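Here is the structure we will look at, set down as structure tokens.
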Amino acid sequence: MKFKKGSVRRSLHFSLVDGLFTAMMMGVSESYLVPYGIALGATPGQVAFLASVPALVGAVLQIRSAEVTAHIGSRLKLINFVVFFHAVAWLPIIFIPYLLSSNSGRPLGPWILLAAATVFTSFGAFAVPAWQSLMSDYIPVKKRGHYFGWRNRLQGFLTVSVSIAAGFLLNYYGKNRIVGFTIIFVFAMVCRFMAWTCLLRMSEPFRRTTHDDYFSFWDFVKGMRNRNFARFVLFVSLMSFAVNISAPLLPVFLLQDLHFDYVAYMMVMTTAAFSGFFFQKQWGYAADRSGNIRVLKIAGWGIALVPIFWISSRNLVYLFFVQLVAGAFWGGFNLLVLNFIMEATTPEKRIRCISYFNVTNTAALFVGALCGGALIHHLPTVSGYSYLALFLLSCAGRLLVMVFTSKMVKEVRTSL
């Protein structure tokens, strides 16, 4: 079936609106699930699990995404089905504190949240390879950097705006913060349902998804020695491991060690997100001109050096500027990772390659979080805080990754 230009424009329009509603949901889910766990009594070890286990399970399930998509015969049908249940999965998260007694709530709440968050994240993750494959058919190669940079900036503005509003709301409720969490999570669920209604009005372009080149995950792993895309996955995954040694425990550091309120916490966390989305358009332009890998490495070196700046001061204004710099580098890194995957994979292999990338990268995130959770109580203090020692350890790991693995990956675009 021929896919007309009008259908492309219409689908891109509804895809954008879907993305805006999803961005508003992410302003809650990405910033406040871990603080919700802390409010339910989670320990640092449980926080590390909450920040890593759901993503790991979701990524492992993605291995079957290509087969399920091929069986259904439509990426869009798979996405619509999964996103509906992704919205429904907010319900058990919302009802946790209301279904537990006051005596059992503190020890059981974080573990039940971990299970509910795993279900929620798994539904969200399962649709990602199909969605990325679909978007790669909509957008020509030479326009992807510009388009996704512009789109991500718009989504980022909404994500940050919602995060800010949620932080003020939680601060307003004070000791009744569970009520505040309920309100923002219900809002997130409604946003996800609205995104789902937009997806129902999109069309699927160009090709049949049943034409899928099969290769096993083990074949993919064995290719890390001599295949450029597999080496790229190794590079990104090792960087994720080094970053996640410290990243999952940042909310614990801010809320418990530094005793930030939710407004201050929101300012630190959303500043990086805002900066990242704001600068993505510039990163996209640079990558369209110079190639993804060259620009990606610049962003990678910035990410590697950022932890050093956390040692100097815990002043809120100072951390605000540190997060501005960190977010700018992260915005470029995340955008160019996605762009490289789209360019380095053929349409027939794209869903499977995205799935294998996600499971490898998320496994690295999981192991990094476990290491951080295990080490936090055994490290010496730096400027009075064990977390800062963990941050320095993460910094050393990031630098080693850039020195020894970033050179392994080559640009795939033949003309710039």
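Worth pointing out:
- Taken over region 251-267, the criterion of being without any contact (Cβ under 8 Å) to a residue 24 or more places away in the chain and either within 21 Å of GLY397 (Cα to Cα) or touching a Phe, Trp or Tyr at 6+ places or on another chain (Cβ under 9 Å) (or both) is satisfied by LEU254 alone.
- Condition broken by PHE329, with the remaining ones in (1) surrounded by fewer than 21 Cβ atoms within 10 Å (Cβ to Cβ); (2) hydrophobic (A, V, I, L, M, F, W, C); (3) at pLDDT 85 or above satisfied: (1)
- Against the criterion of being crowded, with 17+ Cβ neighbours inside 10 Å and of a type in the set (S, T, N, Q), THR69 qualifies.
- One residue stands out among those in region 218-271 that are polar (S, T, N, Q) and assigned to a helix (DSSP H, G or I): the one that is surrounded by the most Cβ atoms within 10 Å (Cβ to Cβ), which is ASN244.
- As for region 343-355, it holds no residue that is modelled with pLDDT of 85 or more, polar (S, T, N, Q) and surrounded by 17 or more Cβ atoms within 10 Å (Cβ to Cβ).
- A residue that is buried (at least 17 other Cβ atoms within 10 Å of the Cβ), modelled with pLDDT of 85 or more and part of a helix (DSSP H, G or I) occurs nowhere in region 133-152.
- For region 359-395, the set of residues classified as among the hydroxyl-bearing types (Ser, Thr, Tyr) and either under 23 Å from LEU258 (Cα atoms) or part of a loop (DSSP other than H, G, I, E, B) (or both) consists of THR381, SER383, TYR385, SER386, TYR387, SER394, listed by residue number.
- Any chance TYR387 is out of contact with any strand residue (DSSP E or B) (no Cβ under 9 Å at 6 or more places or on another chain) and without any contact (Cβ under 8 Å) to a residue 12 or more places away in the chain: no
The values are calculated or read from the model by the stated rules, or taken from the named source; none is laboratory data. Since this is a predicted model, take the numbers as computed values, not measurements. Ideal geometry is used to build each Cβ from the backbone, glycine not excepted, and the neighbour counts take in all protein chains shown.
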